[in-house]
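Worksheet: the structure to be examined is printed underneath.
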Amino acid sequence: MTDHLGYDKHDPTGKNSGNSRNGTRANTMLTDVGPVDTTVPRDREGSFEPKIVKKRQKRRRRVPPDDLHDHGQVLESMAEWQNRPLDAVYPVVFIDAIHVKIRDDAVANRPIYVALAVTTEGRRDIPGLWAGNGGDGVKHWMHIFTEIKNRGVNDVLMPRL
């Protein structure tokens, strides 16, 4: 929406520009792995055309490779976020895994490892998300902790597993 309108959300340059954000609309997509609820942004003129999920689209199969190439900027931003430096000290870090269904030739339950931290200023931070292969082994946990340490974390006062 920012590219479409030419200004960021809450940016004063968008005031009285003729077209502005107008909330979102709920949409339920029927996919290969079941229904997925999404929200689609709207603009006042109705000229915004979503690229991945078209207006009023109800069914979606696998994302074609062409769609992924169109969104290289998103993939670059994700890589930057995954490799960003972290704070040196976190008072509390929660480490856990959630199991989700992931389709990779077949649907399988796979763990997504989550690190949720509280900064010294009291804000929430997510140091990272890691997709697992189904095992909960020591090697995988060591990989996660080593990555967090290599990204700048020197001390955690209260780790919670």
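The values are calculated or read from the model by the stated rules, or taken from the named source; none is laboratory data. Being a predicted model, the structure only gives us computed values, none of them experimental. Here the Cβ is made from the backbone with ideal geometry for all residues, glycine too, and neighbour counts use every protein chain on show.
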message: Quick test for you: out of Thr13, Thr39, pick the one residue that is part of a helix (DSSP H, G or I) and of a type outside the set (Asp, Glu).
response: Thr13
message: Can you confirm whether Gly152 is at pLDDT below 80, over 20 Å from the mean Cα position of the chain (by Cα), of a type outside the set (Asp, Glu) and on the phi > 0 side of the Ramachandran plot?
response: no
message: Regarding segment 76-90, can at least one residue be identified that is among the hydroxyl-bearing types (Ser, Thr, Tyr) and touching a strand residue (DSSP E or B) at 6+ places or on another chain (Cβ under 9 Å)?
response: yes
Count - residues of segment 15-29 that are surrounded by 12 or more Cβ atoms within 10 Å (Cβ to Cβ) and either modelled with pLDDT of 80 or more or touching a strand residue (DSSP E or B) at 6+ places or on another chain (Cβ under 8 Å) (or both): 8
task: Consider only pairs whose beta carbons are under 6 Å apart and that are at least six residues apart or on different chains; among these, list those whose first residue lies in segment 85-110 and is free of Cβ contacts under 8 Å to residues at least 60 places away in the same chain and whose second residue is of a type in the set (Ser, Thr, Tyr) and surrounded by 13 or more Cβ atoms within 10 Å (Cβ to Cβ).
output: Ala97/Tyr113
- prompt: For Gly122, all conditions in the list (1) out of contact with any strand residue (DSSP E or B) (no Cβ under 7 Å at 6 or more places or on another chain); (2) over 17 Å from Arg160 (Cβ atoms); (3) not hydroxyl-bearing (Ser, Thr, Tyr) hold save one; what is the number of the exception?
  reply: (2)
query: Restricting the search to segment 119-132, which residues are on the phi < 0 side of the Ramachandran plot and more than 19 Å from the chain's Cα centre (by Cα)?
result: Thr119, Thr120, Glu121
- request: Hey, can you tell me all the residues within segment 7-29 that are of a type outside the set (Ser, Thr, Tyr) and in contact with a helix residue (DSSP H, G or I) (Cβ under 8 Å, 6 or more places away or on another chain)?
  value: Asp8, Lys9, Gly14, Asn19, Arg21
message: Of the residues Val93, Val138, only one is within 27 Å of Met158 (Cβ to Cβ) and surrounded by 14 or more Cβ atoms within 10 Å (Cβ to Cβ); which?
response: Val93
task: For segment 124-156, name all the residues that are among the acidic types (Asp, Glu) and in contact (Cβ under 8 Å) with a residue 40 or more places away in the chain.
output: Asp155
